[in-house]
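What follows is a single structure, written as structure tokens, with notes after it.
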2 protein chains.
Amino acid sequence: MERKVILYIAASIDGYIATPDDNLDFLSTVEQEGEDYGYSEFVKTVDTVIVGRKTYDKVLNMGYDFPHADKESYIITRTPKPPIGNIQFYIGSLSELLTKLKNQPGKNIFIDGGAEIVNLLMKDNLIDQFCISVIPVFLGEGIRLFNDGRPPLSLKFIKSQSFASGLVQTWYEKQ
Amino acid sequence: MERKVILYIAASIDGYIATPDDNLDFLSTVEQEGEDYGYSEFVKTVDTVIVGRKTYDKVLNMGYDFPHADKESYIITRTPKPPIGNIQFYIGSLSELLTKLKNQPGKNIFIDGGAEIVNLLMKDNLIDQFCISVIPVFLGEGIRLFNDGRPPLSLKFIKSQSFASGLVQTWYEKQ
């Protein structure tokens with residue numbers, strides 16, 4: 001089976017992944033003890049992670065360690081930088097990187113955001129599966145998950161699940 | 001029980017209610033014989049319909065009769081026009097209209113679009129329930145259901161249901 005490129009991401013009902021000042025506090029409204037919304041199971045299916053440089057920096061600036069240091073990780077950036085362990089700073093073409101990775105054996109490939117990476121990949125139709133977790137809030141404004149200027153695409157619905165917190169998680173895949 | 005103001009609307013996964021040229025063909029991808037996604041049951045719970053003028057004109061221009069002629073209908077417009085049966089062309093303040101209607105006895109009030117009306121109402125926090133049906137397509141660009149510049153709002157999740165076509169319908173209400 002070919003490796004899949006999977007976008008696994010959370011958004012507000014109105015389609016934002018962060019507030020205008022890049023705040024993610026809305027995610028905490030669905031934090032419940034013992035409920036990870038399938039995340040740990042999902043992470044077992046991937047061995048490679050692709051993240052935009054801004055998102056990567058944001059995680060570090062929030063005081064966290066990069067959570068995927070055990071996986072082959074590519075930080076998509078315009079500024080070359082030497083690798084840190086498994087973490088490579090990638091300045092080349094995203095579609096070339098994905099094509100190369102998909103031709104190698106391995107588990108699935110996790111697209112961990114941010115919006116810039118998602119929209120670049122969607123323009124080239126490079127995402128195989130989408131898992132979108134909708135948090136039951138309106139942010140009102142902010143950083144949109146989906147920008148204008150992508151091609152239209154019909155998807156195959158896989159499954160949808162709602163949780164006690166009101167989070168609704170839906171999986172789609174490319175047809 | 002107070003009458004509820006309910007937004008009942010369909011959107012693409014990427015949050016558009018129409019293409020840039022106002023085309024709604026994507027809705028037909030979920031048309032299935034014998035499946036109306038709860039619409040006829042929903043319509044029984046309302047006796048008043050609020051529609052933006054552009055959406056109203058669009059329905060007529062597509063060759064349809066206005067589908068809510070049996071209900072008290074308000075077409076929100078800037079151009080005064082005499083009523084047609086139960087259909088009134090309303091040029092006043094939306095929030096005054098809603099406040100007046102909610103103080104009258106009656107069934108629920110159906111917000112039938114378009115985006116301009118939805119965003120005006122959300123700015124004043126005038127929508128009590130939201131039923132959003134997500135069609136399993138990306139339009140890529142178009143007329144967004146939710147524009148920037150609304151206040152943030154936490155919602156109460158009511159229910160979510162997926163259908164064989166891949167449509168996922170989720171109900172939320174104001175807390």
* **Whole-Hz ³J(HN,Hα) from phi, Karplus 6.51 cos²θ - 1.76 cosθ + 1.60, for region A:57-68, glycine and proline x** => 4, 4, 4, 5, 5, 7, x, 8, 6, 4, x, 10
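Inside 10 Å of the C-beta atoms of B:131-143, what's the mean count of C-beta atoms belonging to other chains? Intermediate values should be presented prior to the final figure.
Details: counts 0, 4, 0, 7, 3, 11, 5, 11, 6, 10, 7, 2, 0.
Per-residue shielding by partner chains comes out at 5.
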* Structure fact -> Given backbone amide H placed at 1.01 Å from N, residues whose amide H is under 5 Å from that of A:Ala18, ignoring those fewer than 5 places away on the same chain, are A:Ile143
* Structure fact -> Residue by residue through region B:87-100, the couplings from Karplus 6.51 cos²θ - 1.76 cosθ + 1.60 with θ = phi - 60°, in Hz, x for Gly and Pro, are 8, 10, 9, 10, 10, x, 7, 4, 5, 5, 4, 5, 4, 4
* How much net charge surrounds A:Thr55 when only other residues with a Cβ under 10 Å from its Cβ are counted (Lys, Arg +1; Asp, Glu -1)? -> -1
* To do: Please label the shape of region B:59-109 as rounded, prolate or oblate, based on the square roots a ≥ b ≥ c of the eigenvalues of the alpha-carbon gyration tensor (a/c under 1.5 means rounded; beyond that, a/b larger than b/c means prolate, else oblate).
  => oblate
* Cα lying deepest toward the dipole's positive end in chain A, options A:Pro20, A:Phe110, A:Ser165, charges on Cβ -> A:Phe110
* Between A:Ile158 and B:Asn119, with labels modelled 7 Å along Cα→Cβ, what's the label distance in nm to one decimal, could you check? => 3.3
* Asked: Over what distance in Å are the Cα centres of region B:109-134 and region B:1-55 separated?
  -> 11
* Asked: Can you pull the mean other chain C-beta count within 10 Å for peptide A:14-25?
  -> 2
* lysines whose Cα lies under 29 Å from that of B:Lys71, excluding same-chain neighbours fewer than 8 positions away -> B:Lys4, B:Lys44, B:Lys54, B:Lys58, B:Lys81, B:Lys100, B:Lys102, B:Lys107, B:Lys123, B:Lys156, B:Lys159, B:Lys174
* Asked: How do the peptides A:105-115, A:126-136 rank, highest first, by the average count of neighbouring beta carbon atoms within 10 Å per residue?
  -> A:126-136, A:105-115
* Return the long-range amide H neighbours of B:Val137 (sequence gap of 5 or more, or a different chain), with a cut-off of under 5 Å between placed amide H atoms. => A:Leu155, B:Ile13
* Can you give the helix-only mean residue ellipticity at 222 nm for chain B, where every DSSP H stretch with n ≥ 4 adds -39500 (n - 2.57) and the sum goes over all residues, rounded to the nearest 500 deg cm²/dmol? -> -5000 deg cm²/dmol
* **Summed residue charge, Cβ within 14 Å of A:Asn119's Cβ, Lys/Arg positive, Asp/Glu negative** => -1
* Step through the residues of region A:165-171 one at a time and calculate ³J(HN,Hα) from phi using the Karplus curve (6.51 cos²θ - 1.76 cosθ + 1.60, θ = phi - 60°), rounding each to whole Hz and writing x for Gly and Pro. => 6, x, 5, 10, 10, 10, 10
* To do: Hey, can you grab everything whose amide H is under 5 Å from the amide H of B:Lys4? Only 5+ residues off in sequence or another chain; H modelled, so Pro and N-termini drop out.
  => B:Asn108, B:Ile109
* Asked: Rounded if a/c is under 1.5, else prolate if a/b beats b/c, else oblate: with a ≥ b ≥ c from the C-alpha gyration tensor eigenvalues square-rooted, which is region B:5-174?
  -> rounded
* **Inter-copy spacing of A:Lys174 label points, which lie 7 Å from Cα along Cα→Cβ, given in nm from shortest upward** => 4.3
* Within region A:5-166: Cβ-based charge dipole about Cα centre, in debye rounded to nearest 20 (Lys, Arg +1; Asp, Glu -1) -> 720
* Neighbouring partner chain Cβ atoms per residue of B:31-38, average, 10 Å criterion -> 0
* Asked: So between A:Gln32 and A:Ile91, what do we pick up on full extension, going 0.36 nm a residue minus the alpha carbon distance?
  -> 17.5 nm
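Taken together, the values in this text are just the output of simple stated rules run on the coordinates, not laboratory data. Nothing here was measured: the structure is a model prediction, and the numbers come from that model. All Cβ positions, even for glycine, are placed from backbone atoms using ideal geometry, and neighbour counts span all protein chains on display.
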